[in-house]
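In what follows, a structure is listed as structure tokens, so that the remarks can point back to it.
What follows draws every value from the coordinates through simple rules; no lab data is involved. Owing to the predicted nature of the structure, the values given are computational and were not obtained by experimental measurement. When we count neighbours, we look across all protein chains shown, and the Cβ atoms used for this are built from the backbone with ideal geometry, even at glycine.
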């Protein structure tokens, strides 16, 4: 017969080893649970591009066949990125009830995408242009779907170029009247979206007359001189959803992680963003880093 005491001793030994093993596993799990999430969060923070933003596109390129293909390619490649596209057939809608055949062919291709909002260009000469002429341009855009019998030949709002910076009560009334006119036109629906372009920070009292305002339209060097995103802090009574920024003439050396940093910086302060390395005719073509910029906007 075996010795009971020795038998008990062996069982105790086995139980002790098993307990230590289980304890070690538990400790390891606790450590992993504590460390891994912090590593993941740190990595995500490091790679995060901040809040989502729309790609703003001043599309002043004449729509010859395939001329708008670089835009269509990134729109279709990035269905989760929203694009605000400004078209300008003739310093506005042009003199006729409809734009020429190239525009009537290409615009419906853009409006067919759910992630695209097309706007019509109208200038205001800083609030000095005859209001009847401005309203006529707006009405022409609004009538496109009816005059063409094509609901896809349409814009969903107006881009007002050359809007004022300095406050003037009469000019504010001028802009408020145009806003009311746009918002009442079914032909610009369903958005009736309005963008103002003073090209710089305007008096904050103008901001409420638009859905979005271009508060920066200048070179990369100017952006750096004004300490980049810090300049947006001086815009009273605003938030990033109301702001659009255009940075052009970016040096070719600003690529890879440096371009990523620039896009991230602008995205933090503006909901609509356009960045290009082109330094001349920067609205008349797509730069070599156009695709890279849109990829970063999608990140």
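Here are some notes:
- Look at the Cα gyration tensor of the stretch 160-299: its axes a ≥ b ≥ c give a/c of at least 1.5 with a/b over b/c, and that counts as prolate.
- Separation of alpha-carbon centers, the stretch 227-298 and the stretch 114-147, rounded to whole Å: 26
- Tensor-based shape of the stretch 132-236 (alpha-carbon gyration tensor, a/c under 1.5 rounded, otherwise prolate or oblate): prolate
- The stretch 143-205: C-alpha gyration tensor shape, a/c 1.5 cut-off, then a/b vs b/c: prolate
- Most tightly packed first, judged by the mean number of other beta-carbon atoms within 10 Å of their residues, the peptides 245-251, 287-293 read 245-251, 287-293.
- Inter-label distance for residue 96 and residue 131, nm, one decimal - labels placed 7 Å from Cα along Cα-to-Cβ: 3.2
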